[in-house]
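**Q** Have a look at this one before I ask anything.
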Amino acid sequence: MVSKNCLIFLLCFAASYITNSQTQPYTGEYSSSHRTDDTDNPRIDNTLTLNPNGTFLFHFYRKINDKTPEENWYAKGKWAVEKKNHLFFYINRDTDLDEKYTLNFSKTKARYVSASPRRISGNSINPSLIFYSSEISWVKGMKLYKKE
């Protein structure tokens, strides 16, 4: 007969394992950079970090030309796997929004894209996130590539 303490330990271990395994392939840093060869050299960088504990940090950087100031926008909050390969972002207005973190990622959703384990072709697919829903207009359609 299994002791009560052993049973509690096994249940806690299983819950921890399941939670960690659901977020493991998605965690890491994702980014995109847009630059042109124009004389003004406009630049846009996006960076998203998905932490294993279910939190995220987002940074948007833009420098259009030498005449305009650089822009930095930030967001932080929580993320979760809504269904397989679909991530949902949300924030707590009381703790996640302040003078620095002004972007509200609530109701933002992204799809995780990676190569199928059954894929046999030699072409590699860099894992990425494609944002398909957001109340922030420029986030919708954004594609960020996972750094390896």
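Nothing in this text is a laboratory measurement; each read-out follows from the coordinates by a stated rule. As the structure is a computational prediction, the values presented were derived from the model and not from experiment. Positions of Cβ are generated from backbone atoms using ideal geometry, with glycine treated the same way; all protein chains shown enter the neighbour counts.
**Q** Cut-off under 29 Å on the C-alpha distance; same-chain residues fewer than 8 positions from LYS78 excluded. Which lysines are left, in chain and number order?
**A** Cross-link targets: LYS63, LYS100, LYS107, LYS109, LYS140, LYS143, LYS146, LYS147.
**Q** Read phi for every residue in segment 43-50 and hand back ³J(HN,Hα) as whole Hz from Karplus 6.51 cos²θ - 1.76 cosθ + 1.60, θ = phi - 60°, with x for Gly and Pro.
**A** 9, 9, 10, 10, 9, 10, 10, 9
**Q** Please compute the modelled spin-label separation between TYR132 and GLU148, points set 7 Å along Cα→Cβ, answer in nm with one decimal.
**A** 2.5
**Q** Tally Lys and Arg at +1 and Asp and Glu at -1 over the other residues with C-beta under 14 Å from the C-beta of TRP138: what net charge comes out?
**A** Its environment carries a net charge of 0.
**Q** Now a separate question. Could you compute the net charge surrounding TYR61? Neighbours are other residues with a C-beta less than 15 Å from the C-beta of TYR61; K and R count +1, D and E count -1.
**A** Counting the neighbours of TYR61, the net charge comes to +1.
**Q** Only sites in a loop by DSSP and with at most 13 other Cβ atoms within 10 Å count here; which trypsin sites (Lys or Arg not before Pro) in segment 46-148 make the cut?
**A** LYS67, LYS84, LYS100, LYS107, ARG118, ARG119, LYS147
**Q** Give a residue-ordered list of calculated ³J(HN,Hα) values for segment 138-146 (Karplus: 6.51 cos²θ - 1.76 cosθ + 1.60, θ = phi - 60°; whole Hz; x for Gly, Pro).
**A** Running phi through 6.51 cos²θ - 1.76 cosθ + 1.60 with θ = phi - 60° gives 7, 7, 4, x, 5, 10, 10, 9, 6 Hz.
**Q** In nm, what is the difference between 0.36 nm times the number of residues separating HIS34 and THR68 and their Cα-Cα distance?
**A** 10.5 nm
**Q** Please list, ordered by chain and number, the residues whose modelled amide H lies under 5 Å from the amide H of SER106; skip anything fewer than 5 residues away on the same chain.
**A** ILE91
**Q** Can I ask one more? Cα-based Rg (one decimal) and Dmax (whole number) for segment 54-148, in Å?
**A** 15.7, 51
**Q** Roughly how many nanometres apart are two label points built 7 Å out from the Cα toward the Cβ at THR27 and ILE44?
**A** Result for the modelled spin labels: 3.1 nm.
**Q** Stretched out fully, how many nm does the piece from THR102 to ASN85 gain, at 0.36 nm a residue minus the Cα gap?
**A** Details: separation 17, 0.36 × 17 = 6.12 nm, distance 2.68 nm.
So the extension gain works out to 3.4 nm.
**Q** For the residue pair SER114 and TYR61, what label-to-label distance in nm results when each label sits 7 Å from Cα along the Cα-to-beta-carbon direction?
**A** It works out to 2.7 nm between the two label points.
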